[in-house]
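K.L.:
What follows is a single structure, and I will ask about it in a moment.
The values are calculated or read from the model by the stated rules, or taken from the named source; none is laboratory data. This is a predicted model, so every value here is computed, not measured. Positions of Cβ are generated from backbone atoms using ideal geometry, with glycine treated the same way; all protein chains shown enter the neighbour counts. We work out accessible area using only protein heavy atoms, side chains counted, and drop any ligands, DNA or RNA first. Shrake-Rupley method; radii C 1.70, N 1.55, O 1.52, S 1.80 Å.
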Amino acid sequence: MAKATPMMEQYMQIKSKYKYALLFYRLGDFYELFYDDAVIASRELDLVLTKKNAGNGDFAPMCGVPFHAADSYIAKLVGSGFKVAVCEQVEDPKLAKGLVKREVIRVITPGTIMDTNALQADKNNYIASIFKNKTGYGFSACDITTGAYYAAEFDAKGFNKIIDETAKFSPSEIICSHAVSEEELKKIENIFSLTPTYYDEYNFDFQSCEINLCNHFGVLNLFGFGLEDKFCAVSAAGALLAYIKEAQKNGLQNIRGIKYYERTSGMVLDISSRRNLELTETMRDGAKKGSLLWVLDDTKTPMGARLLRARLEQPLTDAALITLRLDAVGEMKDNALARSDLRSALNRVYDMERIMSKLVYGNVHGRDMVALRASLALLPELRGILSGFGCDCLKDIYSRWDDLENVYALLCDSLCDEPPMGIRDVGIIRSGYNAELDKLRDAMNKGSEWLLEMEASEREKTGIKNLKIRFNKVHGYYIEVSNSNLGQVPDTYIRRQTLTTGERFINPELKELEETLLTAEERLTSLEQELFAQVKEKVAQSYNDVMRMAGLVAETDFIQSLASAADKYNYSKPVVTSDRIIKIQNGRHPVVERQDNCRYIPNDTDVDADVNTVSIITGPNMAGKSTYMRQVALIVLMAQVGSFIPADSAEIGIVDRIFTRVGASDDLATGQSTFMVEMVEVANILNNATDRSLLILDEIGRGTSTFDGMSIAWAVTEYIARSIKARTLFSTHYQELTNLAERMDGIKNYCVSVMEQGDDVIFLRKIKEGCVDKSYGVHVAKLAGVPQRVVRRANEVLNILGDTGITMFTDEKGVYIDQTDIAARSVEKYAEITDYIKNLDMDETSPKEAWTILSSLQIKAADL
């Protein structure tokens, strides 16, 4: 059997090590893909599929992309969930003896992609790691484009916390140890539409991970990172570092620290609360527009946008720190002129964090470096603006400011104004930076001029008027002298060729010029890349300083964004205290009021630890109960982020957690019904809430029978008021729950105002103390477009149920009767009687028969 070609043998050998990835195999100016990889890539990238002789009687499917345009193709494949292994020629083809040596230089995955064009500028691109053993779970997340690196661990019952942390970091890729069950993986996949990948178990070995982390950070132990005795966290973080190194195949110099964190270091938000409050994206379509982030994001830099998102995901719980932020936002809000200047300057700052990460990873190009230079040029201007502020937070930023003059001067001296796009393109280094480079450029641009000047000079020195300097491919450059002038040829000329008409010579000056001209392009490219590498190395030495300044720029941008939102939307400064109170005057929903043509009705809120701990809110459907409760939660969260709030005034007592139980749907993947999902969320709240938590509960118990639902809602309310004592807003249609306000301390009734005009109902959207006795559900059905016949029938049934006075009661034996069963029987019997009467033919009915019929109907009516 014929053997494969040497090239295909090399390809297959490399491919065998990267079966999980599409292999981009460098051939000249193209990356080629073969066999199944080619079939997949041609389909995903809309490329022409061809064939290549594999040398063994087989023709391999093949497609390819130009190497200079590969980034966009790779980004599209990675965005579709594929992994790509990039195989490069690692030796000069001109110097290779036989087949050019090739190696995979990096593996690109959704969590390790560095192409900024493929990433969302205002969002970190995290890759996460999950470790599990008998004692608990470890969690780690890293954004290799910024160097952010975190680790945490939880007990053996902490899988829900893993879900919450995954929701917070929103990773694009997850790896996990084999101890994580398939059921747990399936749950992650269903919730986040992301399939975790099992990673080799030995990579999670604690000792190996500890050594790996210590070696990477150059430390003897991990105490300085808070990871001492954190077995699970170290295992998750160490495995993640190994995975990233395996993919990137470099030292990961931009990952210079890791932060161990406890969930209680800030406000805790579980996945339900994040989604229900729509902090960074809407529940409907996952869009930013319509979220709290959409309202508050007036940032001007990518770093500031990412910081704002991160802080919305993790509000503070330290009243002193919150007040420092609020003071900074307030001063910047009041100083409109300085803020305008600041925004103008920030708008010209590029993504310094990601440029520096690309720099240390070795794939930064000239335009990135010029963008960094343009950003550094703005630092003195930004510092000058910040010098005019007096609050502690902004003064602290100013005191740590560094203009980085040395780095800026280096980039100004070395780089031209408009460099080419590619990493290997020439034209990056500024003229005047290096004398040898300038000479080579002159050779490229002025070679003909130099030859003419030398020719004129030689004619003058020798007196040979017809002396000529010429070139051919055999002899290169030469001086041609006719036979009649050979006597005037100087001794420095060296004979190169004899002709019938004369002689051809070379001299030292022409030899040097020839060498310069013939090798100028190659030497120019090599020297420019060498000089650019030196510049990058020098800038990389200031990595920590540049990243520190990027952080200060982000902090400044974060503050001005909140100040701009406060100014634009008429927000006020809240007072944040350690008291267990929430007092809001004329609060508004920050997102709803931003909708087109919205006239939002403001409402007050008064919740405390004693008299008004639990607010039971009743009112019609569509009257605004849910919106109001979310509004309160968002105002509290905004205040603890350090933002001004949509209200006339507010006093916010620190909240350690916000829980929301709003709406539910079946979880088909795990076989859980709507009611089961609701009860799981309620159980989570009751088991984890503290007296410093804020609970938002919307119509608990509606997913089961009326009596069961009411009983659960009653018991939950009692438990919160008596045992947890958390500040709570509880909306319900169970009017019976309002009786709790008379029986227990700390519970108050509130309702949404409604005005009736004939058959019409007007929702006033105003919260007031008290309760309502109607839900106006039939009216809402009418507004929704339910057929009139159904609406009329619904009103008939409603009137029947109202007339019977059906409510929660017991029978003679003290056994509770489910009112829905009674209601259903009453409606059926009523329909039976009315149908019977409608079908009577009175013309054919005798008086005696009519009397008998009437007696029968009287008996049936008695049973209603």
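K.L.:
Within the set of pairs 6+ apart or on separate chains, which have a first residue in the stretch 482-508 that is assigned to a helix (DSSP H, G or I), a second that is open to solvent by less than 80 Å² (accessible area, probe 1.4 Å) and among the hydroxyl-bearing types (Ser, Thr, Tyr), and C-beta atoms under 9 Å apart?
P.N.:
Final answer for the pair search is Asn485/Thr462; Gln488/Thr462.
K.L.:
Show me the helices (runs of 4 or more DSSP H) entirely contained within the stretch 142-236 in which 3 or more residues are loosely packed, with under 15 Cβ neighbours inside 10 Å.
P.N.:
182-192, 206-217
K.L.:
Taking only pairs six or more apart or across chains, which ones have beta-carbon atoms under 7 Å, a first residue in the stretch 94-108 that is under 21 Å from Thr5 (Cα atoms) and touching a residue at least 40 places away in the same chain (Cβ under 8 Å), and a second residue that is open to solvent by 30 Å² or more (accessible area, probe 1.4 Å) and among the aromatic types (Phe, Trp, Tyr)?
P.N.:
As it stands, the answer is Val104/Tyr18, since those pairs meet every condition given.
K.L.:
Could you check the stretch 20-57 and list, in sequence order, the residues that are within 29 Å of the chain's Cα centre (by Cα) and of a type outside the set (Phe, Trp, Tyr)?
P.N.:
Residues satisfying the conditions are Ala21, Leu22, Leu23, Ile40, Ala41, Arg43, Glu44, Leu45, Asp46.
K.L.:
On to the next question. Pull up the stretch 264-293, narrow it to residues that are surrounded by 18 or more Cβ atoms within 10 Å (Cβ to Cβ) and of a type in the set (D, E, K, R), then point me to the one that is farthest from Thr690 (Cα to Cα).
P.N.:
The extreme case among them is Glu281.
K.L.:
Quick one: how many residues across the stretch 237-257 are open to solvent by 10 Å² or more (accessible area, probe 1.4 Å) and either closer than 30 Å to Arg657 by Cβ or among the basic types (Lys, Arg) (or both)?
P.N.:
Qualifying residue count for the region: 4.
K.L.:
Has the stretch 627-642 got any residue that is at negative phi, in a strand (DSSP E or B) and open to solvent by less than 10 Å² (accessible area, probe 1.4 Å)?
P.N.:
no
K.L.:
Inside the stretch 45-92, can you point out the residues that are out of contact with any strand residue (DSSP E or B) (no Cβ under 8 Å at 6 or more places or on another chain) and polar (S, T, N, Q)?
P.N.:
Asn56, Ser72, Ser80 - these are the residues of the stretch 45-92 that are out of contact with any strand residue (DSSP E or B) (no Cβ under 8 Å at 6 or more places or on another chain) and polar (S, T, N, Q).
Residues are listed down the side, and each one gets a yes or a no for (1) of a type outside the set (A, V, I, L, M, F, W, C); (2) part of a helix (DSSP H, G or I); (3) surrounded by fewer than 21 Cβ atoms within 10 Å (Cβ to Cβ):
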position: Leu307; (1), (2), (3): no, yes, no
position: Arg311; (1), (2), (3): yes, yes, yes
position: Thr317; (1), (2), (3): yes, no, yes
position: Ile322; (1), (2), (3): no, yes, no
position: Leu326; (1), (2), (3): no, yes, no
position: Leu337; (1), (2), (3): no, yes, yes
position: Val349; (1), (2), (3): no, no, no
position: Glu353; (1), (2), (3): yes, yes, no
position: Val370; (1), (2), (3): no, yes, yes
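K.L.:
List pairs: first in the stretch 683-696 and in contact (Cβ under 8 Å) with a residue 40 or more places away in the chain, second in a loop (DSSP other than H, G, I, E, B) and aliphatic (A, V, I, L, M), Cβ under 8 Å, 6+ apart or cross-chain?
P.N.:
Partner pairs satisfying both residue conditions: Asp691/Ala609; Asp691/Ala726; Arg692/Ile654; Arg692/Val655; Arg692/Ala726; Leu694/Val655; Leu694/Ala726; Ile696/Val662.
K.L.:
It is to be established whether one or more residues within the stretch 171-192 are within 27 Å of Arg256 (Cβ to Cβ), among the hydrophobic types (A, V, I, L, M, F, W, C) and within 15 Å of the chain's Cα centre (by Cα).
P.N.:
yes
K.L.:
Follow-up. Give just the number: which of (1) open to solvent by 10 Å² or more (accessible area, probe 1.4 Å); (2) in a helix (DSSP H, G or I) does Met332 not satisfy?
P.N.:
Condition not satisfied by Met332: (1).
K.L.:
Name every residue in the stretch 577-618 that is open to solvent by 10 Å² or more (accessible area, probe 1.4 Å), modelled with pLDDT of 95 or more and under 29 Å from the mean Cα position of the chain (by Cα), in order of residue number.
P.N.:
Arg588, His589, Val591
K.L.:
Let me ask something else. Could you please let me know if Ala237 is in contact (Cβ under 8 Å) with a residue 24 or more places away in the chain, within 24 Å of Arg354 (Cα to Cα) and either touching a Gly at 6+ places or on another chain (Cβ under 9 Å) or not charged (D, E, K, R) (or both)?
P.N.:
So Ala237 passes the test.
K.L.:
Pull up the stretch 19-44, narrow it to residues that are out of contact with any strand residue (DSSP E or B) (no Cβ under 7 Å at 6 or more places or on another chain) and closer than 21 Å to Pro110 by Cβ, then point me to the one that is least open to solvent (accessible area, probe 1.4 Å).
P.N.:
Glu44
K.L.:
Among (1) in contact with a Ser or Thr (Cβ under 6 Å, 6 or more places away or on another chain); (2) part of a helix (DSSP H, G or I); (3) among the aliphatic types (A, V, I, L, M), there is one condition Leu764 misses while meeting the rest; what is its number?
P.N.:
Among (1) in contact with a Ser or Thr (Cβ under 6 Å, 6 or more places away or on another chain); (2) part of a helix (DSSP H, G or I); (3) among the aliphatic types (A, V, I, L, M), the lone unmet condition for Leu764 is (2).
K.L.:
While we're looking at this one, here's another question. Counting only residues that are part of a strand (DSSP E or B) and open to solvent by 20 Å² or more (accessible area, probe 1.4 Å), which one in the stretch 63-115 is nearest to Ile144 (Cα to Cα)?
P.N.:
Taking the candidates together, the pick is Arg106.
K.L.:
Determine which single condition Ser344 fails, assuming it passes every other condition in (1) open to solvent by 40 Å² or more (accessible area, probe 1.4 Å); (2) part of a loop (DSSP other than H, G, I, E, B).
P.N.:
If we test Ser344 against (1) open to solvent by 40 Å² or more (accessible area, probe 1.4 Å); (2) part of a loop (DSSP other than H, G, I, E, B), just (2) comes out false.
K.L.:
Give me the residue from the stretch 430-453 that is part of a helix (DSSP H, G or I) and in contact with an Asp or Glu (Cβ under 7 Å, 6 or more places away or on another chain) and, out of that set, farthest from Glu515 (Cα to Cα).
P.N.:
Leu437
K.L.:
Could you list all residues from the stretch 518-558 that are of a type in the set (D, E, K, R) and open to solvent by 70 Å² or more (accessible area, probe 1.4 Å)?
P.N.:
Result: Glu521, Glu522, Arg523, Glu530, Glu537, Lys538, Arg548.
K.L.:
Report whether or not Ala566 is in contact with a Lys or Arg (Cβ under 6 Å, 6 or more places away or on another chain) and either modelled with pLDDT of 95 or more or open to solvent by less than 40 Å² (accessible area, probe 1.4 Å) (or both).
P.N.:
yes
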